[in-house]
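K.L.:
Quick one: this structure, given as structure tokens, is what I'll be asking you about.
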Amino acid sequence: MIAFSNMLERLVFSPGRLAKIAILRHYFETQPDPERGIALAAITGELRFAQAKAGLIRDLASQRTDPVLFALSYDYVGDLAETVALMWPARATNQSPPLLSEVVETLATAAKGELPDIVSGWLDASGAAVRFALLKLITGGLRVGASARLAKTALAECRTGLVPDDIEEIWHGLAPPYAGLFAWIFDDGPRPDPLDAPVFRSPMLAQPIELTDLALIDAAAFRAEWKWDGIRVQLVSTAGGQALYSRGAEDISGGFPEILAAMGSPAVLDGELLVLRHGVVAPFSDLQQRLNRKSVSAKMQRDFPVHVRLYDILFDGAEDIRTLPFDERRKRLEAWYTHNRPHRMDLSETIPFTKLSELAELRLSARAASIEGLMLKRGDSPYVPGRPKGLWWKWKRDPLTIDAVLMYAQRGHGKRSSFYSDYTFGLWRGEELLPVGKAYSGFTDQELLMLDKWVRDHTTQRFGPVREVERGIVLEVAFDAAQLSTRHKSGVALRFPRISRIRLDKPPGEADQLDTLMALVEKMPTA
Amino acid sequence: MPHPQTWLKPLLEGLYCEPGGFFIDPQRPVGRAVITHGHSDHARPGHVAALATAPTIAIMQARMGEGAPGTTQALRFGERIRLGSVTMWLEPAGHVLGSAQVCMEYEGSRAVVSGDYKRGADSTCEPFVAVPCDVFVTEATFALPVFQHPDPHAEIAKLLESIKLFPERTHVVGCYSLGKTQRLISLIRQAGWDAPIWLHGALLPMCKIYEDFGVRLGDLRPATVAAKAQLVGQIVLGPPSAIADRWARRLAEPVVCLASGWMRVRQRAKQGGVELPLVISDHADWRELLETLEEVGAPEVWVTHGREEALIHEAGLRGIKGRALRLVGYGDEGEE
């Protein structure tokens with residue numbers, strides 16, 4: 001576990017994506033099987049064993065440490081596993097630190113009563129870093145500092161010609177410790193065959209459309225649909241099983257059992273997950289209640305009823321139809337839908353139009369919270385993973401804007417670690433400024449330099465990495481929607497806020513009132 | 001035999017040896033001061049007369065300019081002098097170059113003030129000497145069982161491995177200018193790194209003093225004027241305040257490292273935006289503090305600053321009487 005814990009430590013502290021990939025790659029290249037495979041499972045969240053409770057750690061600590069010293073230490077460090085890892089009074093032993101595979105195997109088979117002795121033996125044999133990883137692993141609190149996608153990206157880099165999607169498309173047919181996968185990547189072995197497992201296929205993404213693109217578009221070649229403000233999902237039903245995936249290949253089946261139950265005959269479908277009440281799409285904040293859950297209560301299912309709006313089909317039965325043109329696939333999708341009539345699903349409506357100006361008008365009039373804008377898809381486009389140019393366009397509605405006052409600034413990460421680049425801004429309520437959001441994009445490098453200098457020259461207070469600044473700069477903030485929120489003091493939350501302009505011309509006293517923003521909050525849609 | 005508490009007193013200015021007529025590391029200007037070492041929380045400006053080791057005096061003079069003591073007297077380790085009715089001498093504390101413990105004898109009773117100290121090997125200063133005494137006055141910067149400094153050579157190995165992993169980036173290590181910088185350089189040299197080590201301008205004067213006192217640091221160059229391209233794959237040292245700030249923008253995609261005992265705790269490293277924490281400290285860790293209490297064998301320990309609660313508790317368990325002096329002004333954490 002030494003190499004594993006060292007890698008975790010570096011991942012957690014490294015902010016940069018490229019740095020994380022280099023760290024992962026180095027680990028996969030230098031570690032033997034099955035250690036690297038089990039580490040991969042730990043990183044991708046596929047490791048399953050009955051976890052020990054935090055109580056076990058407390059018990060061990062109380063057997064080996066003085067209660068007063070333990071309390072003082074815990075108070076200082078603030079994290080139970082870390083406190084024990086750092087202060088553990090190791091007894092002399094001739095044992096080596098355990099291998100990751102040994103730990104995982106033992107935890108899967110050991111009787112509960114044996115655990116305390118086994119774990120304290122491991123702790124005695126290990127240094128602080130291994131102890132920390134060990135305690136976090138067995139209590140289920142391991143934070144990796146890298147996504148599953150990043151791990152697959154690092155792996156793909158280890159074999160020439162491989163892209164992350166190649167791994168993605170077999171991933172859900174594999175199991176730890178992934179011997180076949182590593183043999184394929186490092187030893188020129190055969191590509192592992194997922195057979196009929198319900199694996200994920202990388203989705204086709206749209207490009208944001210610019211005015212210059214718009215001028216070149218041949219209206220007759222394109223189909224239009226609404227762009228809904230939900231999350232992109234892939235529904236997979238095969239002879240081998242069913243699964244629901246997020247756009248990032250995460251298996252989210254557990255959180256949406258009612259969608260799984262509604263799946264029809266074998267197919268791979270592409271659609272938008274929404275909360276839908278009486279046929280009306282609820283704001284994104286409702287859907288958020290359902291996200292990031294491993295399981296879901298009956299009450300949640302009732303209060304936040306989910307629904308998938310289907311817009312494409314990748315596999316019809318076992319037949320891969322991604323090379324067919326969009327219009328053909330649409331016919332197949334309609335046929336599949338008519339045949340199955342699945343609950344909790346409908347078809348994304350096709351918007352008829354002959355001229356782009358008609359769409360432009362529709363787009364302007366669309367103000368329902370759940371509509372982000374329009375999608376334009378070429379009728380002859382095959383389904384291409386990634387973000388191919390010119391086939392699919394997203395035409396978002398114009399953002400809303402407010403003029404807000406810069407209140408706090410925080411340093412960024414990685415390349416921006418020396419810049420105050422994260423800005424909290426607020427609006428007036430009478431004499432008082434209330435923070436309404438945070439933005440860290442939208443400005444040019446030049447503007448960042450200027451803002452950074454301004455923040456340093458106008459700091460009134462410091463709170464750790466955060467600086468409070470004079471009320472001196474007005475920022476025009478663009479955002480996609482404003483929604484009521486109980487989590488913010490101001491009572492409102494912004495979707496995708498970014499800095500659109502720095503209003504050096506505007507005195508802070510003339511920035512917007514909170515009421516102005518509240519008037520933009522979208523109620524339940526009427527359209 | 002008078003108990004040291006009758007003649008060694010914590011006053012507002014600092015610890016005062018009454019029959020000797022001197023303060024130890026006073027926080028305010030006094031007539032006569034004995035200074036344990038050159039860190040600015042112990043060596044304050046404005047004293048009329050000061051006694052210390054020769055390196056400490058050189059450090060004070062270099063740092064303070066007009067605030068340097070009016071008159072100075074340099075003592076060799078072990079050299080005994082009479083001040084008032086007290087015999088006083090200095091013994092090495094192993095903290096930084098010139099750092100000393102202040103040993104005092106008055107009518108047969110002996111007190112030792114450690115100043116800051118460490119027990120781990122350090123080729124840039126003389127190692128700590130344990131002096132048996134009746135009262136031992138200790139620091140407690142890292143007096144919690146969670147602080148157990150790892151082998152510093154293993155920490156340097158981490159740094160060198162990281163340079164191999166990221167050869168296109170510059171590794172910038174934050175370290176305090178007096179002590180940590182030179183120890184780090186010496187550890188890096190011991191690991192076989194013969195290439196130039198690049199320094200922020202603020203670190204150069206203290207390195208010069210170390211060299212003057214015979215500590216060899218190898219090829220050191222100012223990072224201030226160096227071209228960005230030259231620093232690729234190199235080690236740059238800078239004060240902790242500069243490594244993640246504007247100064248570091250001159251470096252190629254810097255890997256921000258920080259050498260400090262505080263790096264043992266994750267949250268500390270996270271807060272500072274540190275990408276590679278290196279647990280290397282000038283101070284005794286928990287085990288070294290306890291080992292030292294055993295070695296000096298004093299029935300009573302006074303704690304100047306730090307996490308005194310834990311140390312006094314543990315001392316009590318070992319039959320040693322503890323007393324918290326709560327002297328203000330010491331232990332500026334920026335200096336570790």
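K.L.:
Of the peptides B:273-282, B:205-214, how do they stack up when ordered by the mean number of other Cβ atoms within 10 Å, highest first?
P.N.:
On the way: B:273-282: 24.6, B:205-214: 16.1.
For the peptides B:273-282, B:205-214, the packing ranking is B:273-282, B:205-214.
K.L.:
What are the equivalent ellipsoid semi-axes of the protein assembly as shown, built from the alpha-carbon gyration tensor (square roots of five times its eigenvalues), in whole angstrom, biggest first?
P.N.:
Details: eigenvalues 735, 213, 128 Å².
For the protein assembly as shown, the ellipsoid semi-axes come out as 61, 33, 25 Å.
K.L.:
So, R0 is 45 Å and r is the distance between the beta-carbons of residue A:343 and residue A:206; what FRET efficiency does that work out to, to 0.05? Display every interim value, and only then the final one.
P.N.:
Details: r = 28 Å, r/R0 = 0.62.
According to the calculation, E is roughly 0.95.
K.L.:
Okay, next question. Mind ordering A:40-46, B:284-290, B:148-154 by average Cβ neighbours within 10 Å, highest first?
P.N.:
B:284-290, A:40-46, B:148-154
K.L.:
If amide hydrogens are placed 1.01 Å from N in the peptide plane, which non-local residues have theirs closer than 5 Å to the one on residue B:83?
P.N.:
Counting only residues 5 or more places away or on other chains, the set is B:88.
K.L.:
I've got another one for you. Once label points are set 7 Å from the Cα along Cα→Cβ at both residue B:3 and residue A:458, what is their separation, rounded to one decimal in nm?
P.N.:
6.1
K.L.:
Among A:338, A:350, rank each residue by its count of other Cβ atoms within 10 Å, from fewest to most, as a rough exposure measure. All intermediate terms of the calculation are to be shown ahead of the outcome.
P.N.:
Numbers: A:338 9, A:350 14.
Taking fewest neighbouring Cβ atoms as first place, the list is A:338, A:350.
K.L.:
Taking N as the number of residues in the stretch B:207-336, what is its alpha-carbon radius of gyration divided by 2.2 N^0.38 Å? Let's see the in-between values first.
P.N.:
Details: Rg = 19.6 Å, N = 130, 2.2 N^0.38 = 14.0 Å.
Here the answer is 1.40, to two decimals.
K.L.:
Could the peptides B:173-183, A:461-471 be put in order, highest first, of the mean number of other beta-carbon atoms found within 10 Å of their residues? Present the calculation step by step, with values, prior to reporting the outcome.
P.N.:
Details: B:173-183: 26.5, A:461-471: 14.2.
My ranking of the peptides, most packed first, is B:173-183, A:461-471.
K.L.:
Something else about it: So who's got an amide H within less than 5 Å of the one on residue A:222, skipping anything under 5 residues away but keeping other chains? H placed 1.01 Å off N, in plane.
P.N.:
Counting only residues 5 or more places away or on other chains, the set is A:379.
K.L.:
Looking only at other chains, what is the average number of their beta-carbon atoms within 10 angstrom of each beta-carbon in A:458-467? Before the final figure, lay out each step's value.
P.N.:
On the way: counts 0, 0, 0, 0, 0, 0, 2, 5, 0, 0.
The shielding value for this peptide is 1.
K.L.:
Further question on the same structure: Enumerate the lysines that residue B:180 could reach by cross-link, defined here as Cα to Cα under 23 Å, with residues fewer than 8 away along the same chain left out.
P.N.:
Answer for residue B:180, where 23 Å is the Cα cut-off: B:118, B:158, B:208, B:270, listed by chain and number.
K.L.:
Mind checking the full-extension length gain between residue A:111 and residue A:398? Use 0.36 nm per residue of separation minus the Cα-Cα distance, one decimal, nm.
P.N.:
On the way: separation 287, 0.36 × 287 = 103.32 nm, distance 6.03 nm.
Going from the current span to full extension adds 97.3 nm.
K.L.:
Would you work out the relative contact order for the stretch B:170-262, in percent, from Cα pairs under 8 angstrom that are 6 or more residues apart? Could you put the intermediate results ahead of the total?
P.N.:
Values: 146 pairs, mean separation 45.7, N = 93.
Reported relative contact order: 49 percent.
K.L.:
Taking the Cα atoms of the stretch A:86-214, report the difference between the largest and smallest coordinate on each principal axis, in whole Å and largest first.
P.N.:
Principal-axis extents of the Cα atoms in the stretch A:86-214, largest first: 70, 39, 28 Å.
K.L.:
Here is a further query. Can you give the three extents of the C-alpha atoms in the stretch A:380-508 along their principal axes, from longest to shortest, in whole Å?
P.N.:
59, 34, 30
K.L.:
If I take the Cα coordinates of the stretch B:1-147 and project them onto the principal axes, what are the three extents in Å, biggest first?
P.N.:
41, 39, 28
K.L.:
Another question about this same structure. Per residue and in cubic angstrom, what volume does the convex hull of the Cα atoms of the stretch A:206-357 have? Please list the in-between numbers first.
P.N.:
On the way: hull volume 20.9 nm³, N = 152.
For the stretch A:206-357, the hull spanned by Cα atoms encloses 138 Å³ per residue.
K.L.:
Please list, in order along the stretch A:417-433, the HN-Hα scalar couplings obtained from phi with the Karplus expression 6.51 cos²θ - 1.76 cosθ + 1.60 (θ = phi - 60°), rounded to whole Hz, x for Gly and Pro.
P.N.:
Values per residue, Gly and Pro as x: 5, 9, 10, 7, 10, 10, 10, 9, 10, x, 10, 7, 10, x, 7, 9, 9 Hz.
K.L.:
Could you work out, residue by residue across A:122-134, how many beta carbons of other chains sit within 10 Å of that residue's beta carbon, and then give the average as an integer? It would help to have the intermediate numbers written out before the result.
P.N.:
Working: counts 0, 0, 0, 0, 0, 4, 5, 1, 0, 0, 1, 0, 0.
Rounded to a whole number, the mean comes out at 1.
K.L.:
Taking only the Cα atoms of the stretch A:434-476, how large is their convex hull per residue, in Å³? Each step should come with its number before you reach the end.
P.N.:
Details: hull volume 4.3 nm³, N = 43.
Value for the stretch A:434-476: 99 Å³ per residue.
K.L.:
Looking at A:430, A:407, A:392, which one has the Cα that reaches farthest to the positive end of the dipole of the stretch A:382-430 (charges on Cβ: Lys, Arg +1; Asp, Glu -1)?
P.N.:
A:392
K.L.:
From the backbone phi of the stretch A:269-279, what are the Karplus-calculated ³J(HN,Hα) couplings (6.51 cos²θ - 1.76 cosθ + 1.60, θ = phi - 60°) in whole Hz, Gly and Pro given as x?
P.N.:
10, 10, x, 10, 8, 9, 9, 10, 10, 6, x
K.L.:
Just checking the output field for A:8-18: average partner chain Cβ neighbours within 10 Å of each residue's Cβ?
P.N.:
Working: counts 0, 5, 6, 0, 3, 12, 5, 3, 5, 0, 4.
For this peptide, the per-residue mean of nearby foreign Cβ atoms is 4.
K.L.:
Can you put B:34, A:384 in order of Cβ neighbours within 10 angstrom, beginning with the fewest? Don't skip to the answer; put the middle values down first.
P.N.:
Values: B:34 27, A:384 16.
Placing the least packed residue first, the sequence is A:384, B:34.
K.L.:
Out of residues 5 or more away from residue A:503 or on other chains, whose amide H comes under 5 Å of its own, with H placed 1.01 Å from N in the peptide plane?
P.N.:
A:474, A:475, A:476
K.L.:
Please list, in order along the stretch B:100-112, the HN-Hα scalar couplings obtained from phi with the Karplus expression 6.51 cos²θ - 1.76 cosθ + 1.60 (θ = phi - 60°), rounded to whole Hz, x for Gly and Pro.
P.N.:
9, 8, 9, 9, 9, 10, 9, 6, x, 10, 10, 10, 10
K.L.:
Here's a follow-up. Run the dipole for the stretch A:210-284 about the Cα centre, Lys and Arg Cβ at +1, Asp and Glu Cβ at -1, nothing else charged, and hand back the magnitude in debye, nearest 20.
P.N.:
220
K.L.:
Could you tell me the relative contact order of the stretch B:4-137? Use alpha-carbon pairs under 8 Å, at least six residues apart, and round to a whole percent. Could you put the intermediate results ahead of the total?
P.N.:
On the way: 327 pairs, mean separation 23.3, N = 134.
Relative contact order of the stretch B:4-137: 17 percent.
K.L.:
Would you order B:215, B:102, A:77 from fewest to most other beta-carbon atoms within 10 Å of each residue's own beta-carbon? Walk me through the numbers before you get to the answer.
P.N.:
Working: B:215 18, B:102 27, A:77 22.
Ascending number of Cβ neighbours within 10 Å: B:215, A:77, B:102.
Where a number appears in this text, it was derived from the coordinates with a stated rule and is not lab data. Please read these numbers as outputs of a predicted model, since none were measured by experiment. So basically every Cβ, Gly included, is an ideal-geometry build from the backbone, and we count neighbours across all protein chains shown.
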